[in-house]
Amino acid sequence: MTMIESASRHLAALLAAAVFAVHLQPQPAGAQEAHSMPAPTEADSAGQAPAPRTWRLGSLTFTACDLSAPNSGASTAAWCNEFDVPEDRARPDGRHIKLRLAVVRSDAGDAASKDLVLMLAGGPGQAATEAFVNTDAYARLLKHHHVVLLDQRGTGKNSPLTCPQAEQAARQAEQDSATVDYERMRTDTAACLAEVSKKADPRFYTTTVAAEDLEDVRRALGAPQFDIIGVSYGTRMAQQYLMRHADGVRSMVLDSPVPNTLVLGADFARNLEAALTLNFAACTATPACKQRFDDPMQTLYQLRDALRANPHKVSFRDPRNWENTEQMLSAHLLALVVRLYAYTPEAAALLPLSVDAAAHGNVGPLLGQAKLLTGDLSGNLDGGMSMSVICSEDAALLKENPADEDTILGNTLVRGIKAQCEVWPRGAMPADFHAPLESGKPILILSGELDPVTPPRYGEEILAHLSNARHLVARGQGHSVMVRGCMPHLIDEFIANTDPKGLDASCLDRLGPTPAFINFNGAAP
């Protein structure tokens, strides 16, 4: 884990939607299109290669393409376009950037709904066209809707705010670091900025600027209404778009939401502590788990204290390639690893066992699983865009909380944000940016009971200002719950009927926590 990963890429990863672990089946490339448009055709003349298949929607021409994602062999058939926008929207005659825009077409062809489902990815830093590939949450919706994917400026393949040279240098230095070096973090950030600035001005890669890109896309598509599905940071984007372009929204799903009033980073430590407490309490309430681990939270803190006093290099097998790997194990790294585990109930179920093993000298289970998690996340997030968002929209309001200092996470990430944002340029933020969303639009809010990042109280805060909304809490679940249990069915029904309060959500009663593993065979003795 690099210093940039610790307080930029880790900030992105730890705020992002949980790693998508399941795949959506590719849609038929030749499916009939909606809106009474002619079906895409291929020109095939003797001795000539067939012309690219194209599809026109609104004023845009799309070409058949395949979507893929880093660290994944999955792909999805779609229709792609490079959408041109000015980098500085106040200077349309200045530098322009191209955003990757894709539409995954409905199975229904001409019978598809005229409203379009829009996916807003997490992060900040995920590309929608990449995140979509690794989720099956949209399979039901695709029976009746086209799904629109726009890579937010600063993400994806077309306009990423990445600094691979600076990140590689920081990664090498991090291997021997026993403590968090904030001065080096500033130096690494300056190196990243120098690299990014050769191709972009980071001041213009913020949420509200991206919301205007989205409105331009909607108008170019023929001004349909969107059924927006935002996940994690994508819920901030969704709310900001609705505040400024309400006519473009038909309905909205906010999965693991971030209230507009929230300063990203302020609750990191508190939220993780609450999630760990609930997870470990479920273990100690089970006789077999209690007998095997006694008090997992106490063991975690004892390990943390030992690493504060004696950070040291450890060796373990990297499960991705089975090569022997050396890593400096510190209290800070432990906190970040534990936080990653807490994102999903399946990973959280391994925490008591993995922490206990590490406390007894076997770090392989704890750090090996972390390698898998961070490997998936690091390839799917653009750290520069994350810094542009957080430095512009949150850093000035962010303060250390003395009450958090002795928690597992402490104020380390807060200090990291502040250090990086001393260097990274800040864009403009509207005066009403942190005002609560007030709306009568149909809105469905989804939360995981054990979410260590966006706990259910965030959903309740958003709900308090809405007149046509409902908040569903998935019992025993973590961050990003739209693929859990019957949630895909409920989302499909909600978008079809736009009646959040009339939705029968009793099927969620079947959800519950994943029992903690007491050995590597599972939860049973």
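Condition check: modelled with pLDDT under 95, in contact with a Phe, Trp or Tyr (Cβ under 8 Å, 6 or more places away or on another chain), farther than 28 Å from S447 by Cβ and of a type in the set (S, T, N, Q). Does T299 satisfy that? It would help to see each step written out before you state the result.
Details: modelled with pLDDT under 95: no; in contact with a Phe, Trp or Tyr (Cβ under 8 Å, 6 or more places away or on another chain): yes; farther than 28 Å from S447 by Cβ: yes; of a type in the set (S, T, N, Q): yes.
No.
Checked against the criterion of being touching a helix residue (DSSP H, G or I) at 6+ places or on another chain (Cβ under 9 Å), under 18 Å from T407 (Cα atoms) and crowded, with 22+ Cβ neighbours inside 10 Å, segment 308-317 contains not a single residue that satisfies it. Kindly indicate whether I518 is touching a residue at least 40 places away in the same chain (Cβ under 8 Å), closer than 22 Å to A211 by Cα and β-branched (V, I, T). Answer is no for this residue. State which residue is farthest from K199 (Cα to Cα) when the search covers only segment 125-158 and only residues that are at pLDDT below 95 and in contact with a Phe, Trp or Tyr (Cβ under 6 Å, 6 or more places away or on another chain). Residue satisfying both the conditions and the ranking: T135.
Please determine, by comparing only the residues of segment 399-422 that are β-branched (V, I, T) and under 20 Å from R186 (Cα atoms), which one is most open to solvent (accessible area, probe 1.4 Å). Among residues in segment 399-422 that are β-branched (V, I, T) and under 20 Å from R186 (Cα atoms), the one most open to solvent (accessible area, probe 1.4 Å) is T412.
Can you find a residue that is open to solvent by 10 Å² or more (accessible area, probe 1.4 Å), touching a Lys or Arg at 6+ places or on another chain (Cβ under 9 Å) and either touching a residue at least 60 places away in the same chain (Cβ under 8 Å) or over 29 Å from T454 (Cα atoms) (or both) anywhere in segment 123-135?
Within segment 123-135, the subset open to solvent by 10 Å² or more (accessible area, probe 1.4 Å) is 126, 130, 134.
With the extra rule that they be touching a Lys or Arg at 6+ places or on another chain (Cβ under 9 Å), the set shrinks to 130.
Keeping just the survivors that are either touching a residue at least 60 places away in the same chain (Cβ under 8 Å) or over 29 Å from T454 (Cα atoms) (or both) gives 130.
Among the residues of segment 123-135, at least one is open to solvent by 10 Å² or more (accessible area, probe 1.4 Å), touching a Lys or Arg at 6+ places or on another chain (Cβ under 9 Å) and either touching a residue at least 60 places away in the same chain (Cβ under 8 Å) or over 29 Å from T454 (Cα atoms) (or both), which makes the answer yes.
Considering only segment 472-479, I want to know if a residue exists there that is assigned to a strand (DSSP E or B), modelled with pLDDT of 95 or more and open to solvent by less than 50 Å² (accessible area, probe 1.4 Å). Within segment 472-479, one or more residues are assigned to a strand (DSSP E or B), modelled with pLDDT of 95 or more and open to solvent by less than 50 Å² (accessible area, probe 1.4 Å).
Step by step: first the residues of segment 81-99, then only those that are in contact (Cβ under 8 Å) with a residue 40 or more places away in the chain and assigned to a strand (DSSP E or B), then the one that is nearest to A200 (Cα to Cα). Which residue is that? Top of the filtered list is I97.
Criterion applied to L278, L272 was being farther than 26 Å from Y138 by Cα and either modelled with pLDDT under 95 or open to solvent by less than 10 Å² (accessible area, probe 1.4 Å) (or both), and the one residue passing it is L272. A102 falls short on exactly one of the conditions (1) without any contact (Cβ under 8 Å) to a residue 60 or more places away in the chain; (2) in a loop (DSSP other than H, G, I, E, B), and that condition is (2).
With the structure loaded, tell me whether A435 is open to solvent by 10 Å² or more (accessible area, probe 1.4 Å), assigned to a helix (DSSP H, G or I), small (G, A, S) and at pLDDT 95 or above or whether it fails that test. The answer is no for A435.
Is segment 323-344 home to any residue that is touching a strand residue (DSSP E or B) at 6+ places or on another chain (Cβ under 8 Å), farther than 12 Å from F517 by Cα, open to solvent by 60 Å² or more (accessible area, probe 1.4 Å) and touching a residue at least 40 places away in the same chain (Cβ under 8 Å)?
From segment 323-344, those touching a strand residue (DSSP E or B) at 6+ places or on another chain (Cβ under 8 Å) are 323-329, 333; that's our starting set.
When the remaining residues are screened for being farther than 12 Å from F517 by Cα, the result is 323-329, 333.
If we keep only those that are open to solvent by 60 Å² or more (accessible area, probe 1.4 Å) as well, we get 323-324, 326.
If we keep only those that are touching a residue at least 40 places away in the same chain (Cβ under 8 Å) as well, we get 326.
Yes, the conditions are met somewhere in segment 323-344.
Taken over segment 446-456, the criterion of being in contact with a Pro (Cβ under 9 Å, 6 or more places away or on another chain) and open to solvent by 10 Å² or more (accessible area, probe 1.4 Å) is satisfied by E449, L450.
When you scan segment 283-297, how many residues do you find that are surrounded by 13 or more Cβ atoms within 10 Å (Cβ to Cβ) and polar (S, T, N, Q)?
Within segment 283-297, the first condition is being surrounded by 13 or more Cβ atoms within 10 Å (Cβ to Cβ), and the residues that meet it are 283-284, 286, 288-290, 292-297.
Those left that are additionally polar (S, T, N, Q): 284, 286.
So the answer is 2.
Any idea how many residues of segment 353-375 are within 24 Å of Q291 (Cβ to Cβ), open to solvent by 10 Å² or more (accessible area, probe 1.4 Å) and touching a residue at least 60 places away in the same chain (Cβ under 8 Å)? Of the residues in that region, 3 qualify. Residues in segment 186-239 that are open to solvent by 10 Å² or more (accessible area, probe 1.4 Å) and β-branched (V, I, T) were compared, and the one that is modelled with the lowest pLDDT is T187. Evaluation of F494 against the conditions (1) in contact with a Cys (Cβ under 8 Å, 6 or more places away or on another chain); (2) in a helix (DSSP H, G or I) shows that the sole unmet condition is (1).
Among the conditions (1) among the charged types (D, E, K, R); (2) out of contact with any Pro (no Cβ under 8 Å at 6 or more places or on another chain); (3) surrounded by fewer than 19 Cβ atoms within 10 Å (Cβ to Cβ), the only one that R153 does not satisfy is (3).
The values are calculated or read from the model by the stated rules, or taken from the named source; none is laboratory data. Because the structure is a prediction, the values reported are computed rather than measured. Ideal geometry is used to build each Cβ from the backbone, glycine not excepted, and the neighbour counts take in all protein chains shown. The protein model used for the area step is the full one, side chains on, heavy atoms only, and it has no ligands, DNA or RNA in it. Shrake-Rupley method; radii C 1.70, N 1.55, O 1.52, S 1.80 Å.
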